1. Using r as the Cβ-Cβ distance of Lys12 and Val39, and R0 as 22 Å, what FRET efficiency do you calculate, to the nearest 0.05?
2. Each label point is 7 Å from the Cα along the Cα-to-Cβ direction; what then is the distance between the points at Met121 and Phe154, in nm?
3. Stokes-Einstein D for the range 2-93 at 20 °C, 1.002 mPa s, Kirkwood Rh over Cα pairs, in µm²/s?
4. Obtain the nm distance between the two label points defined at Glu178 and Lys67 by a simple spin-label model: each point lies 7 Å from its Cα along the Cα-to-C-beta direction.
5. What FRET efficiency comes out for Glu162 versus Lys31 if R0 is 45 angstrom and r is the Cβ-Cβ distance? Round to the nearest 0.05.
6. Taking amide H positions as placed in the peptide plane 1.01 Å from N, state which residues far from Val72 in sequence (5 or more) or on other chains have amide H under 5 Å from it.
Amino acid sequence: MDREVVKISSLKAAPYNPRQISGEALAGLSKSLERWGVVQEVVANKRTGYIVGGHQRVAALKKMGVKEVPVVWVDLDDVEEKALNVALNNPHISGEFDDTIAGLLTEIRDGIGPDDFESLMLDDLLPQGEEVTPLDDMPDLPDGDKEPFQQMTFTLHDEQAEQIKAALQIAKDMGAFEGPNENSNGNALARVCETFLTMRA
């Protein structure tokens, strides 16, 4: 495979390319290119001049006014070119994020700031739970009938339990809870969750 920097205007979009991108996603890609530059070469076919991989990057770079782009040239017939195009865009062979992604993304957000984090569309990678409205105050827990309150049980590693206890204490130290509910641990946990929900709103 040959590598060179070429004029973007010399590259042709493959008319069969099945991968599309929304305007919002294109804006996020542009932010990424502005921040880090072109760190992944465009793949193009010598025989046809068509882009095989990198259509969206080329589109974003054109809108940014960039004139040249690094390219890896392949030499493929028509069918092999199309097969490589689909393989490069196949989400089933790109792998999946594991459970550590939430912590990694939180570290990145804290480092680059929430505005940049959102503009790069990294917030869309955060695990999405059900839409929950933060509580205005803590609801009362009635005597006798157990509804409408619940007892929830969690299995935690000792280190996780210590973190939760520390977080609950910080929530309690923020001041008294509104309402007649005297379940201090439940109120504190709800306050911790409310802080997170407000941050994600």
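Quick note: the coordinates plus some simple rules give every number you see, no bench work behind them. Note that the structure is a prediction, hence the values are computed from the model and not measured. FYI the Cβ positions are ideal-geometry reconstructions off the backbone, even for glycines, and counts take in every protein chain you see.
1. On the way: r = 23 Å, r/R0 = 1.05.
Taking R0 as 22 Å, the efficiency between Lys12 and Val39 is 0.45.
2. 3.2 nm
3. 159 µm²/s
4. Using points 7 Å along Cα→Cβ, the separation is 6.1 nm.
5. Values: r = 38 Å, r/R0 = 0.85.
Using R0 = 45 Å, I get an efficiency of 0.75.
6. Val42, Val43, Ala44
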